[in-house]
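Working notes, beginning with the structure itself.
The values are calculated or read from the model by the stated rules, or taken from the named source; none is laboratory data. Note that this is a predicted model, so its numbers are computed, not measured. As a convention, Cβ positions derive from the backbone with ideal geometry for all residues, glycine included, and neighbour counts pool all protein chains shown. To get the accessible areas, we keep the full protein, side chains included, count just its heavy atoms, and leave off ligands, DNA and RNA. Shrake-Rupley method; radii C 1.70, N 1.55, O 1.52, S 1.80 Å.
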Amino acid sequence: MLFLYNILITITALLLKFVALFNPKIKQFVAGRKTVFKTLSQKISSNDKTIWFHAASLGEYEQGLPVIEKIKEKYPTHKIVLTFFSPSGYEVRKNNNIADATVYLPMDTKKNAQKFLKLVHPEMAFFIKYEYWPNYLNELHKLKTPNYLISGIFRENQVFFKWYGQFYRNALNIFTFFFVQNELSKKLLNQLNKTNVIVSGDTRFDRVVTILEKDNTLDFISAFKNNTTTIVVGSSWPKDEELLIDYINTTTQKVKFIIAPHNIKSEQIEKLKNSINKKTVLFSEKENKNLANFEVFIIDTIGILTKIYSYANIAYVGGGFGNPGVHNILEPATFGVPIIIGPNYSHFAEAVDLVNLEGCTSIINNQELSEIFTCLITDETKRKKKGGICKNFVNKNKGATSLILEKIATLNTKIEF
């Protein structure tokens with residue numbers, strides 16, 4: 001089976017080179033991997049002590065960041081190597097200040113895995129939430145390198161739990177320990193006779209709690225808000241915007257809107273702006289303007305949405321009309337903000353929980369969106385109650401990072417303390 005897998009990976013790599021000629025994202029995916037080994041050889045020496053973290057994309061990076069930060073504190077003489085599989089993760093965080101080397105993960109061939117691990121020679125390896133690459137795991141096993149899955153999550157429909165999933169079940173045998181988000185994940189692993197597992201929870205809660213300790217001040221947002229009830233729309237997609245624009249254009253409520261679209265390409269930003277019939281300003285054109293005079297503020301840049309949530313009275317988080325579903329709702333939740341999302345959220349445990357607790361409201365059409373917005377705008381008591389539910393939920397679920405670090409310290413690893 002491994003032989004067939006390697007053939008498939010090789011064919012996939014060739015096909016991606018062809019597709020890259022026509023697809024900008026795949027072009028980044030392919031081009032970014034050309035310099036990986038050169039970068040590693042320049043930044044990691046044979047004498048360095050290293051720890052490797054792998055994140056599929058941006059969400060997994062944010063999820064693993066609390067653990068990376070604590071590991072860096074605990075082992076200050078070790079270099080951190082961070083890999084991404086997806087351009088949407090690497091391109092946004094390639095200049096982070098936490099890792100000593102940040103690169104794409106080379107395709108999972110035996111040759112690449114051997115070369116990568118020879119250059120990095122990690123004393124520990126961490127995979128965040130997802131991704132089980134058989135060749136990398138096999139080579140880690142040969143090197144007897146402790147490796148951990150953190151904030152892991154398993155579902156019954158995954159290949160591991162199918163009659164034909166033996167090949168990938170074998171990959172799970174290599175993990176030193178599993179730190180999973182929920183009891184169902186532990187139960188599923190137990191069914192595979194995996195006892196090296198504990199429910200540690202989701203490290204993203206630790207991540208968002210630390211946001212409150214930072215300076216989230218944005219003077220231009222404060223000037224725009226001007227003490228007016230404000231709805232912050234984060235990571236919106238066209239379907240979200242379709243509903244939101246209808247409400248923005250028709251509402252008579254005294255309310256302002258800040259929209260931070262998922263896609264900030266100029267043509268889509270312009271289309272969004274032109275569809276709004278209220279006074280609208282872009283982040284890129286905010287200079288020398290009296291922002292208090294505007295009703296809608298479109299954020300056509302990245303990296304400041306988290307701080308903007310601190311100014312929200314109500315948050316709408318996008319993605320809930322697409323696949324796999326809603327974006328990160330924990331960032332507005334940590335600020336004690338009531339949240340509205342679309343209907344596709346079942347793959348996200350925190351969204352399911354907050355909807356059940358009624359801190360978060362799921363809508364499916366214009367009428368439901370209008371009703372919940374109007375309710376929260378006009379009823380401050382209800383707004384604060386729902387926001388309090390969100391904040392308490394985050395606080396009750398923090399602590400996964402400490403649990404992971406404590407457990408690792410008790411395991412028999414070869415890392416030097």
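Worth pointing out:
- The trypsin sites (Lys or Arg not before Pro) of region 234-343 that meet both conditions, a loop assignment by DSSP and at most 11 other Cβ atoms within 10 Å of the site Cβ, are 254, 265, 279.
- Loop trypsin sites (Lys or Arg not before Pro), region 114-206 (other Cβ atoms within 10 Å of the site Cβ: 14 or fewer; DSSP): 144, 155, 162
- For the chain, the longest principal axis of the C-alpha atoms and the axis of helix 58-74 are separated by about 60°.
- Convex hull (Cα only) mean projected area of the chain, reported in nm² to one decimal: 21.4 nm²
- Taking 78, 121 and ordering them by how much accessible surface each has at a 1.4 Å probe, largest first, produces 121, 78.
- When you restrict to C-alpha pairs under 8 Å that are six or more residues apart and normalise by the size of region 71-179, the relative contact order lands at 20 percent.
- Given their separation in residues at 0.36 nm each and the Cα-Cα distance between them, residue 409 and residue 191 gain 75.8 nm when the chain is fully extended.
- Longest exposed-site-free window of the chain, the sites being GluC sites (Glu not before Pro) in a DSSP loop that have at most 15 other C-beta atoms within 10 Å: 1-155
- Volume of the Cα convex hull of region 124-282, divided per residue and given in Å³: 200 Å³
- The chain, helix-only ellipticity at 222 nm - DSSP H runs n ≥ 4, -39,500 (n - 2.57), divided by all residues, nearest 500: -13500 deg cm²/dmol
- Phi angles across region 177-182 convert, under the Karplus curve 6.51 cos²θ - 1.76 cosθ + 1.60 with θ = phi - 60°, into 3J(HN,Hα) values of 7, 10, 10, 10, 7, 8 Hz, Gly and Pro given as x.
- Sparsely packed loop sites in region 10-71 (the chymotrypsin sites (Phe, Trp or Tyr not before Pro) outside DSSP H, G, I, E and B with at most 16 other Cβ atoms within 10 Å) comprise 22.
- Nearest-0.05 FRET efficiency for residue 73 and residue 4, computed from C-beta distance (R0 60 Å): 0.90
- Heavy-atom accessible area per residue - the chain, 1.4 Å, Å²: 47 Å²
- Simple Cβ-charge dipole of region 258-371, Lys/Arg +1 and Asp/Glu -1, about Cα centre, in debye nearest 20: 420 debye
- Of every Cα-Cα pair in region 69-197, the percent that sits beyond 17 Å: 62 percent
- With Rh defined as the Kirkwood radius, the inverse of the mean 1/r over Cα pairs, the Rg/Rh of region 1-106 is 1.02.
- Amide H contacts under 5 Å for residue 258: 231, 232, 233, 297, restricted to partners 5 or more places along the chain or on a different chain, H placed in the peptide plane at 1.01 Å from N.
- Counting only protein chain heavy atoms and rolling a 1.4 Å probe, the accessible areas of 375, 360 rank, largest first, as 375, 360.
- For region 205-255, the percent of C-alpha pairs falling in each 10 Å distance bin, counted from 0 to the bin holding the largest distance, reads 18, 35, 35, 12.
- Each residue of region 84-101 is assigned a 3J(HN,Hα), and the resulting list reads 10, 8, 9, x, 5, x, 4, 5, 7, 10, 5, 9, 5, 9, 9, 9, 7, 8 Hz, derived from the Karplus form 6.51 cos²θ - 1.76 cosθ + 1.60 (θ = phi - 60°), x at Gly and Pro.
- The mean sequence distance of close C-alpha pairs (under 8 Å, at least 6 residues apart), as a share of the length of the chain, puts its relative contact order at 13 percent.
- Considering only 327, 367, 388, the residue lying farthest towards the positive end of the dipole of region 315-417 is 388, judged by Cα position with unit charges set on Cβ.
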